Amino acid sequence: MLNKIALFVVVLLLLAPTLGLTAVALVVNPALNAECTIQQVSLGDVPDELEVTTADGETFVLNERQLTHAATIIRVGSAIDEVGRPGMRIALMAALAESTLRMLSNTTAYPDSGDYPNDGDGGDHDSLGLFQMRPQYGWGTVEQLMAPDYQARAFYGGEDGPNYPSPQGLLDIDGWEQMTPGEAAQAVEDSRYPDRYENFEPVADTILDALTTTASRGTANVVFPLPDGTWNVSSPFGWRFHEILQQWAFHAGIDLGAGAGTPILAAADGIVTHAGFSGGYGGLIVIEHEINGETVATAYGHMWENGIHAAVGDRVTAGQHIGDVGSAGRSSGPHLHFEVRLGGSAGEVTDPASWLNEHNAANLPEPEGSAPELCEATA
């Protein structure tokens with residue numbers, strides 16, 4: 001009898017990661033189902049140029065540099081829950097009206113602004129950049145405002161915005177969703193010419209149509225979960241001798257050795273369904289995706305508490321920085337435990353190497369047979 005109890009305990013220990021992730025799925029899936037109708041915007045390729053026409057009939061061509069700035073505005077907006085396509089349209093309209101999507105220095109007011117990458121020199125008071133933001137109004141320093149990503153985050157605002165609570169970004173404007181796009185842009189920019197933003201609404205729509213695809217909860221774009229050149233495979237998928245448990249155990253994912261603090265990237269667009277500590281996983285993030293019409297969950301384990309940069313309900317995009325490599329939980333050194341489950345968090349595990357290879361995100365060795373071979377864990 002005691003031998004049977006001991007065997008049962010060992011089995012529970014070996015299956016703990018699998019059971020833990022399934023339990024997480026049971027808790028969080030109802031919230032995920034409530035998000036199924038949310039439309040995500042995902043970036044495609046940036047064209048060399050794009051012909052656009054304003055509401056008053058003026059036609060002009062945006063070059064690749066301008067479209068790259070537009071892509072930055074879209075990318076930053078896609079990572080913020082409340083923005084969506086309407087908020088991105090407003091941001092594009094504002095940047096088109098203020099700078100024609102150019103990163104403008106202002107060497108008259110700030111000589112050092114010309115030392116930063118720019119697309120020309122402006123001269124409107126002490127305004128800078130894509131959205132012509134003014135340092136003296138509290139939008140940021142010259143160095144900050146000469147960075148497109150910073151300007152986009154400042155325009156969107158919200159509690160996580162760099163300028164919160166003042167000056168107000170779009171998300172800080174009460175009722176911005178009920179305003180016309182032009183009114184919302186003016187509410188942020190506070191321009192002396194409030195009517196000029198509406199003229200660029202069709203241009204913003206043309207840009208969004210050209211640069212993005214809209215999908216429900218994700219697209220087929222898959223990326224590797226760690227930056228190039230930062231990792232090595234320290235333990236593959238399948239049976240292995242677990243050095244900590246001192247038992248043969250089935251490894252439900254792949255371990256990628258990397259330096260502590262290495263950025264962990266979302267493998268695909270999706271919704272975060274778990275972000276917190278979970279038994280042997282340590283700090284764990286789980287994301288559910290819709291990829292080619294099928295639900296898939298990816299899991300990222302062993303982060304320290306301060307290395308988790310996502311929250312339940314976040315809509316993330318492929319390649320987004322969601323956490324940092326750590327060594328929490330059942331871990332002998334810094335690495336990412338990366339797991340893939342077909343059908344969602346409670347679904348069947350599959351070899352992440354094969355899955356990444358199939359989606360052109362990696363070129364990793366795969367098991368030769370239909371079942372994973374026995375393999376010894378490495379340090």
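Would the range 7-29 turn up any residue that is of a type outside the set (D, E, K, R), modelled with pLDDT under 95, at negative phi and not in a helix (DSSP H, G or I)? No: zero hits.
In this entry, Asp172 is excluded by the filter for residues that are charged (D, E, K, R) and surrounded by fewer than 19 Cβ atoms within 10 Å (Cβ to Cβ). Of the residues making up the range 264-284, those that are under 13 Å from the mean Cα position of the chain (by Cα) and part of a strand (DSSP E or B) number 6. Just for the range 214-249: of the residues that are touching a Gly at 6+ places or on another chain (Cβ under 6 Å) and over 17 Å from Ala266 (Cβ atoms), which one is modelled with the lowest pLDDT? My answer is Ser234. Only one of the numbered conditions (1) within 23 Å of His289 (Cα to Cα); (2) at pLDDT 95 or above; (3) of a type in the set (S, T, N, Q) is not met by Asn33, and that is (2). Of all the listed residues (Thr107, Thr68), the sole one being among the β-branched types (Val, Ile, Thr), part of a loop (DSSP other than H, G, I, E, B) and without any contact (Cβ under 8 Å) to a residue 60 or more places away in the chain is Thr107. Of Gly313, Gly323, all but one fail to be surrounded by 15 or more Cβ atoms within 10 Å (Cβ to Cβ), part of a loop (DSSP other than H, G, I, E, B), of a type outside the set (A, V, I, L, M) and within 21 Å of the chain's Cα centre (by Cα); the exception is Gly313.
The set of residues in the range 71-104 that are of a type in the set (Ser, Thr, Tyr) and in a helix (DSSP H, G or I) comprises Thr72, Ser78, Ser99.
In the range 188-209, the residues that are more than 20 Å from His125 (Cα to Cα) reach residues that are open to solvent by less than 50 Å² (accessible area, probe 1.4 Å) and in a loop (DSSP other than H, G, I, E, B) with C-beta atoms within less than 8 angstrom, at least six apart or across chains, in these pairs: Asn199/Thr54; Phe200/Thr54; Pro202/Thr54; Val203/Thr54. In the set (1) open to solvent by 10 Å² or more (accessible area, probe 1.4 Å); (2) of a type outside the set (Val, Ile, Thr); (3) at pLDDT below 90, the condition left unmet by Gly259 is number (3).
Set side by side, the residues Arg65, Arg85, Arg102, Arg75 differ, and just one is of a type outside the set (S, T, N, Q), at pLDDT 95 or above, open to solvent by 20 Å² or more (accessible area, probe 1.4 Å) and within 26 Å of the chain's Cα centre (by Cα), which is Arg102.
The values are calculated or read from the model by the stated rules, or taken from the named source; none is laboratory data. Treat the numbers as computed from the prediction; the structure is a model and nothing was measured. With ideal geometry, Cβ positions are generated from the backbone for all residues, glycine too; neighbour counts draw on all protein chains shown. Each accessible area value is taken on the protein alone, full model and side chains, heavy atoms only, with ligands, DNA and RNA left out. Shrake-Rupley method; radii C 1.70, N 1.55, O 1.52, S 1.80 Å.
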